[in-house]
Amino acid sequence: MNIREKIFEHILRKQPKRQVSFPHWENVRTIVLLFESDFIEKNPVVRRMAERLVKTETDKNVILLGYADKKDILSANLPQSRILGHRNFTVFGTPKSDIREYLTHLTCDLLIDLTQEDRIQLRYMAMYLNADFKTGRHIREGIHDFMLDTPAQESQEFLFEQIVYYLKLIKSND
């Protein structure tokens, strides 16, 4: 385990424990899609998923939150979409204070983490995001409340469809 991992584990242990209950899909209003941005920051697959979700589920608000593995981010920060890059994080991978504040103040009912790779910056983003329920691919324990074990070669779209399918299917007693 390298120093970045040790720092992350230490910060994760210090985080207050959240009260978690499985969401009723009908009650979910705000969804954040966390993803790895492509280099040119266009992300057509993620945008298509968000548009389809908004079109079929008209009562849901979708916010896109991405990370591009590069220094300078060219796309503008929009109210419903933001892409972060190297400049938003320290050398240890922790978000700078303004980003940490943005993530903790961005409240949502559901975080759908579409990340394919285990990047420390994306794990921090998922950890600090103020979401009632967090779900994604099973990469590491500790952040998500519900994880799907899907093959690594499966697409973000496949993961998204599976998560939405199970969230609609499972009904909690809360």
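Quick notes on this one:
- With respect to the conditions (1) buried (at least 21 other Cβ atoms within 10 Å of the Cβ); (2) basic (Lys, Arg); (3) in a loop (DSSP other than H, G, I, E, B), Lys134 falls short on a single one, namely (3).
- Within segment 103-110, at least one residue is exposed (fewer than 14 other Cβ atoms within 10 Å of the Cβ) and β-branched (Val, Ile, Thr).
- Residues of segment 153-172 include none that is of a type outside the set (Gly, Ala, Ser) and in a strand (DSSP E or B).
- In segment 109-142, the residue that is modelled with the highest pLDDT out of those that are of a type in the set (Lys, Arg) and closer than 21 Å to His24 by Cα is Lys134.
- If you filter segment 12-51 down to residues that are modelled with pLDDT of 90 or more, more than 18 Å from Arg137 (Cβ to Cβ) and of a type in the set (Val, Ile, Thr), you find that the one that is most open to solvent (accessible area, probe 1.4 Å) is Thr30.
- Candidate set from segment 58-79 (those that are over 21 Å from Gln121 (Cβ atoms) and of a type outside the set (Lys, Arg)); member that is surrounded by the most Cβ atoms within 10 Å (Cβ to Cβ): Val62
- If you go through segment 148-174 and keep only what is among the small types (Gly, Ala, Ser) and either at pLDDT 85 or above or over 12 Å from Gln116 (Cα atoms) (or both), you end up with Ser155, Ser172.
- Among the residues of segment 85-108, the ones that are assigned to a helix (DSSP H, G or I) and within 30 Å of Trp25 (Cα to Cα) come to 7 in all.
- Qualifying residue in segment 119-131 (condition: open to solvent by 70 Å² or more (accessible area, probe 1.4 Å) and not aromatic (Phe, Trp, Tyr)): no
- Screening Lys55 on (1) of a type outside the set (Asp, Glu); (2) surrounded by 11 or more Cβ atoms within 10 Å (Cβ to Cβ); (3) more than 17 Å from Asn130 (Cα to Cα) shows it passes everything except condition (2).
- Ser97 without any contact (Cβ under 8 Å) to a residue 24 or more places away in the chain, buried (at least 19 other Cβ atoms within 10 Å of the Cβ) and not acidic (Asp, Glu): no
- Pairs meeting the criteria (first residue in segment 44-70 and assigned to a strand (DSSP E or B), second residue acidic (Asp, Glu), beta carbons under 7 Å, at least 6 apart or on different chains) are Gly66/Glu36; Tyr67/Glu36.
- One residue from Glu36, Glu51 being closer than 23 Å to Thr94 by Cβ, under 18 Å from the mean Cα position of the chain (by Cα) and of a type in the set (D, E, K, R): Glu36
The values are calculated or read from the model by the stated rules, or taken from the named source; none is laboratory data. All figures in this text were calculated on a predicted structure; none of them were measured in a lab. Reconstructed Cβ throughout: ideal geometry from the backbone, glycine too, with neighbour counts over all protein chains shown. All accessible areas refer to the heavy atoms of the entire protein, side chains included, with ligands and DNA or RNA removed. Shrake-Rupley method; radii C 1.70, N 1.55, O 1.52, S 1.80 Å.
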